[in-house]
2 protein chains.
Amino acid sequence: MSELAKNAANYRALTPLDFLVWASRAYPRKTAVIDGERRFTYSEFAARCRRLASALAGQGIVRGDTVAVLAPNIPATLEAHYGVPMLGAVLNALNIRLDAASIAFILGHGGAKILIVDAEFASVARAALEAMTGPRPMVVEVTEPGTGLAVGEMDYEELLGAGDPAFVWTPPSDEWQSLALNYTSGTTGDPKGVVYHHRGAFLNALANAMTFGLTARSVYLWTLPMFHCNGWSYPWAVTAVGGTHVCLRRIDPVAVLDLIERHSVTHFCAAPIILNMLMHAEGARDKRFSHRVQVATGGAAPPSTVIAAMEGMGIEVTHLYGLTESYGPATVCLPQEDWQDKPLAERAGLMARQGLPHFAVPEMMVADSETLAPVPADGATIGELVFRGHTLMKGYLANPKATDAAFAGGWFHSGDLAVQHPDGYVEIKDRAKDIIISGGENISSLEVEEVLYRHPSVLEAAVVARPDATWGETPCAFIALKPGIPIPDANEIIGFCRQNLAHFKCPRTVVFGELPKTATGKIQKFTLRQQAGEL
Amino acid sequence: MSELAKNAANYRALTPLDFLVWASRAYPRKTAVIDGERRFTYSEFAARCRRLASALAGQGIVRGDTVAVLAPNIPATLEAHYGVPMLGAVLNALNIRLDAASIAFILGHGGAKILIVDAEFASVARAALEAMTGPRPMVVEVTEPGTGLAVGEMDYEELLGAGDPAFVWTPPSDEWQSLALNYTSGTTGDPKGVVYHHRGAFLNALANAMTFGLTARSVYLWTLPMFHCNGWSYPWAVTAVGGTHVCLRRIDPVAVLDLIERHSVTHFCAAPIILNMLMHAEGARDKRFSHRVQVATGGAAPPSTVIAAMEGMGIEVTHLYGLTESYGPATVCLPQEDWQDKPLAERAGLMARQGLPHFAVPEMMVADSETLAPVPADGATIGELVFRGHTLMKGYLANPKATDAAFAGGWFHSGDLAVQHPDGYVEIKDRAKDIIISGGENISSLEVEEVLYRHPSVLEAAVVARPDATWGETPCAFIALKPGIPIPDANEIIGFCRQNLAHFKCPRTVVFGELPKTATGKIQKFTLRQQAGEL
C-alpha cells in the first residue's frame, strides 16, 4: 500500500492556526475575546489577526523572522499568537517582569525584527533598547486610546488599521516549522531560547483542551501569563473549541473572583501562590460559585489548605506539571474515581504528585540520568524525570551544547528529580540542583518545604543546603511569615518539622524574612544558597 | 532555527495505539470493556491486545500484512483494532451483512493472511472461502465457550492463550503507515478498498472525542458497527480518554435501552433508522434517562419526530456526516446557542444539515466538480462537497484510477451534491451516484440492476430508493420486460435477486412497465424516484 502517497487533499501540515479558521467559521458571531468592556467576536478576532499578519508583512516580516511581544494578557498578545505565525514568523513572548538587561539580551539573541510593547512597559523597553548592542527591532506600541506613543514608532491599533482584514496567508507546508521562541529564566548564565514547532503547538493545544475538558461553552480567564510557554498553549486550545478568552492585565485577587462570577468563567490556570492569594482575598471566605469552575495549577504542588479553600469556593483543582521545554503541561495528576471519598489530607497527598503524562507525551520514565535505566516504581527511589513525545521543543536556539545535553541518550532530560509510585504516578522530589545531601542521605528540599507550609504561621518557605563541617550539608529554612505574625522561636519550627519528618530531614537553621524572587515570581534559591553559605 | 532537527525524544509517529498504552497506564484497574457479563480492565484489555499481536506474529503476520475480521461488536473486534496494527499489519473489518461472493472478493483483493470470524458468521465465511480462487486466509474462530469450531482452524481464545501478554511491539516509525482497510460498497463494479493511516486515525479519534465531548467518565455503547469506517474511530477515541466500551452483538431496541440504563451509557452512535427503532421499542414511551445521554447520528438527516422522541427520553442528538474515505465523520452540525429556544420544526431543519467540518478536516468547499470553483453560499446553488485535511484516506488499494479520480484537482471528491447556507453549514441535496441507504447500509443501485439484467425476462431495469418508515429507504426496481413476456410475480424477481445478492440489497418493491428516458436514451432516475416516493 506504499504507492498511496500524500497529496494536497489528504496531507496538510498540522498547525494551531487552523483552529482560528475553524472557530471563525463555526462561531463567527460568538464572543471570542473579552477585554474589559471590549468584545471581539470570532469573526472580528480572526480579522484582527489577519490585519496584524498583513501589516507585519507590510513591515517586511517574512518566514523565519522573529517578532517579540512585551505585554500582559491583552488582546494584542493573543492576536500575536496568530498574526505572527500566519507569516511563518516566530513569536517571542517576553516575560514582563524581566529587567532591561535580560530583555536586551533576549531581543538580541532571538533577533527580533519587531517588538510589540504595551505602554505599561515602555520604560523597561526603552532601557532594553538602549542597552542593545546589535540591531534594534522596530517598536510597535499598544497604547490606551487618546494617549501618545511612549516608546514605539507606531501605534498597534494604527498598524492593525493599515492591515488587510481579508489578508490571505499561507499555512506552513512543514509542520516542524518554528512557531514560537520562549526564553527560560535560567538560574545561571544567559536565558536559553526554547523553540516550538507548529505540530507540537497543535497537539499540545488538543492535549490541554481534552485534559482540562474545554468545550465551546468554556470561558477561559487569562490569569496565567501568555509569556509562560505561550500560556500553556491555551491561546490555541481555547480557540480550538470555540471558547471565550477573558483577558486580564494583572492579577488582582478580588477582580479575579469578580470576573469569574461576571463572565461565568469555567476554566483558569494559576500557580498555587495565586490560589493562595485568591483564598485570602476580601470576600473569598463566603464565596461559592454556582457554576462549575476548574483551575489547573502547576509550578508547585497545591497544598491541602489551598485545595480545601478552592473546593469551598466551588473550584475544582487539577495539578499539572511541565516545563518551557515541553510547551507547558506534560503531565497531569489525573484524579481517580476512588479518590473523591478520601479524607482531604490523603487526597491532597495524592494530588500533590505530578502524575502521568498526557497523550501528547507518550513516553515518560524516572531513570538514572546517565544510564537511562528506569528506577523501580516504589515511591522511594529517586531518578530523573525524562520524556519522549510530540510536545518537546525542537531545541534551544543557537545553543547546540545545551540542546544536546537536554536530549542526551534520545530522551528529554527535565532536570527534575522524582520518584515513581506503584500506581505509575510520578512525584517530583527536587530539582537536580536543589537536593540536599546530609550525612550521605538525600533530602528533598520540597518535602521539607511541604511540612513548613503546613505550619500556621508560615506564608512562604524555601529550604536550601547549608555547608556543614560534620554532615557535608544540612537543611536551612528561609521563612516568610503571614502578616501580623510575630517572629516565632526557631526551635518551635524545627520541633514542628520533627513531628512530621524524619529527624535528619529537619532544618538545622531557620531564617525569617522576605524571600528573594525572580522576575517570574519563583523564589531565588540560588541567592538563598549564597546566604546560607555565609551564615 | 532549521538546525533544530527531529530526534528520538522530540519526534514520534502519531498512532492511535499510543492511546491504549496511555489508558492502561492511567486507568489500569478501570473497566475498559463490558461484554455481557464479562469485564476487562484497561490492564487486561491491553494485555489481550498484546497477546493477540504476539499470537498473530507467531502465525507469521508481519508489517504490511492484512488481517480480516468478520464479527459483530464483540471484544475480539475491538482487540483487533490494536493487536493487528501493533505488528504494523492492516486491519480489514468486514461488513457482516455481506454475501459470500463479496466477502470472497474482498478477502482476495485485500490479500488477507488471517481471517478472524465469529461463529455466528461461520457459514457465510465458509461459502466465501470456498468461492475464493486465490490463496485463502488461515481462519481463527471466535466461539462460544464449550462449542467446537464451525469453520476455523483455531479458536480465538486459544490463540490469545498462546500469545504473550507482555509482548513488546514496535510503534510505527512512519505515521503514514497503513493501519486499516475498509471496503465501500462501490456503486459500480467491485468494492473499493479504502486505506487509512496511523496519523489519520489518531487525529480522527481526537476530533471525534472532542466533538462528542468524551471524557474518562464516558461510557460508550457499541451500536455503530465497528466495520463501518472502524466504528468512526471510536475504538480508538473511547480509549483515548479512558472511557468504557460496552460491546453489543446485535441491535435489539429494548436491550439497547436497558443497557443505556444499566451501564449509565453516556454516548452512542446510530443511524436515524436505529433511533426510529428505539423510539418505537417497548417501554420507550415512558423512558426518561436520569443521566445525560448523547447520540451521534449520521447516514441520513434525523427527522424531527426522531429528535423529539430522543429528547423526550433525555437523549441529545448530534448530526454527523462523513464517508468511508474520511474515516467516518468529517462534518458535524454544531449546535449554536440560539438554536435551543427555536421551535422543534425549525430546529430539526437546522439540524438536518451536515454542518461544518471538524478540526481534522480544515478545508471544505461546495464547488463545481470539474473547475473546483466554489458555489455561492446561498443555500440554493448545488455543487459537490469536497474536502482537504488530515483524515482523508491514503487512497483506494490497488486502484490508481479510482484514487486519482477521488483526488482530482487536489481535493477529495465526496460524490455528494450539496448547498452551502449563508452560515457556512452545508446541506446534502442528493447523491451524485445513485446510492440507496437502507438500514444504514449503502446499496448500489447499479449492482442490483446488474443482477436484474441477468434475469431472463428483464429487458431494462432501474433501481431507485423508495422512502421507508422502517429502513429509511428500500430498493425499488422498475422493470421493462422483454417483448411477449407475461408480467411475472414480483416475488419471483425478488427471489432471483436473493440468490445473487445480499438480502438487504434486494428490491422490496417491483414495478413493471416502460421506463422513462431522456432524449439521449438515458433512463430518467429522477422521474422514477418521484414515482417510488408516491407508491
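Checking region B:362-372 against the condition returns a match, with at least one residue being within 14 Å of chain A (Cβ to nearest Cβ) and either on the phi > 0 side of the Ramachandran plot or among the basic types (Lys, Arg) (or both). For region B:344-376, filtering for residues that are modelled with pLDDT of 95 or more and surrounded by fewer than 17 Cβ atoms within 10 Å (Cβ to Cβ) leaves 5.
Could you give every pair whose Cβ atoms fall below 6 Å, whose first residue belongs to region B:110-126 and is at positive phi, and whose second residue is at pLDDT 95 or above and crowded, with 21+ Cβ neighbours inside 10 Å, counting only separations of at least 6 or pairs across chains? As it stands, the answer is B:111/B:66, since those pairs meet every condition given.
For region B:348-370, the count of residues that are free of Cβ contacts under 8 Å to residues at least 24 places away in the same chain and either part of a strand (DSSP E or B) or acidic (Asp, Glu) (or both) is at least one.
The rows are residues; the columns are (1) of a type outside the set (Gly, Ala, Ser); (2) surrounded by fewer than 22 Cβ atoms within 10 Å (Cβ to Cβ).
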residue	(1), (2)
A:398	no, yes
A:410	no, yes
A:414	no, no
A:417	yes, no
A:437	yes, yes
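When we screen B:391, B:381 for residues that are closer than 16 Å to residue B:298 by Cβ, assigned to a loop (DSSP other than H, G, I, E, B) and assigned by TED's automatic domain parsing to the domain that holds residue B:295, the only hit is B:391.
Evaluating residue B:223 against the criteria (1) of a type outside the set (A, V, I, L, M, F, W, C); (2) buried (at least 22 other Cβ atoms within 10 Å of the Cβ); (3) within 12 Å of chain A (Cβ to nearest Cβ) leaves one unmet condition, (3).
For region A:18-54, which residues satisfy the criterion of being of a type in the set (Val, Ile, Thr), within 13 Å of residue A:74 (Cα to Cα) and out of contact with any helix residue (DSSP H, G or I) (no Cβ under 8 Å at 6 or more places or on another chain)? Give the steps one after another, and end with the answer.
Step one: of region A:18-54, the residues of a type in the set (Val, Ile, Thr) are A:21, A:31, A:33-34, A:41.
Within this subset, residues satisfying the condition of being within 13 Å of residue A:74 (Cα to Cα) are A:33-34.
Hit for region A:18-54 is A:34, nothing else.
Only one of the numbered conditions (1) closer than 19 Å to residue A:17 by Cα; (2) surrounded by fewer than 24 Cβ atoms within 10 Å (Cβ to Cβ); (3) of a type in the set (Gly, Ala, Ser) is violated by residue A:213, and that is (1). Name the residues in region A:501-528 that are out of contact with any Ser or Thr (no Cβ under 6 Å at 6 or more places or on another chain) and at pLDDT 90 or above, would you? Result: A:506, A:507, A:509, A:510, A:511, A:512, A:513, A:514, A:515, A:528.
Among the conditions (1) within 11 Å of chain B (Cβ to nearest Cβ); (2) of a type outside the set (Val, Ile, Thr); (3) more than 21 Å from residue B:12 (Cα to Cα), the only one that residue A:389 does not satisfy is (3). The residues in region A:145-181 that are more than 14 Å from residue A:84 (Cα to Cα), in a helix (DSSP H, G or I) and not acidic (Asp, Glu) can be counted, and the count is 2. Residue check: residue B:425 meets all listed conditions (1) at pLDDT below 95; (2) touching a helix residue (DSSP H, G or I) at 6+ places or on another chain (Cβ under 9 Å) but one, namely (1). Is it the case that some residue within region A:241-259 is under 14 Å from the mean Cα position of the chain (by Cα), crowded, with 24+ Cβ neighbours inside 10 Å, under 26 Å from residue A:334 (Cβ atoms) and small (Gly, Ala, Ser)? Looking through region A:241-259, none of the residues is under 14 Å from the mean Cα position of the chain (by Cα), crowded, with 24+ Cβ neighbours inside 10 Å, under 26 Å from residue A:334 (Cβ atoms) and small (Gly, Ala, Ser).
Annotation for region A:327-338: no member residue is away from chain B (no Cβ under 14 Å), farther than 28 Å from residue A:182 by Cβ and of a type outside the set (A, V, I, L, M, F, W, C).
The residues in region B:391-411 that are touching a residue at least 60 places away in the same chain (Cβ under 8 Å) and over 18 Å from the mean Cα position of the chain (by Cα) can be counted, and the count is 4. Annotation note: of A:102, A:123, the sole residue that is polar (S, T, N, Q) and in contact with a Ser or Thr (Cβ under 9 Å, 6 or more places away or on another chain) is A:102.
The values are calculated or read from the model by the stated rules, or taken from the named source; none is laboratory data. These numbers were taken from a predicted model, which means no experiment stands behind them. Using ideal geometry, Cβ is built from the backbone for each residue, glycine included, and neighbour counts are taken over all protein chains shown.
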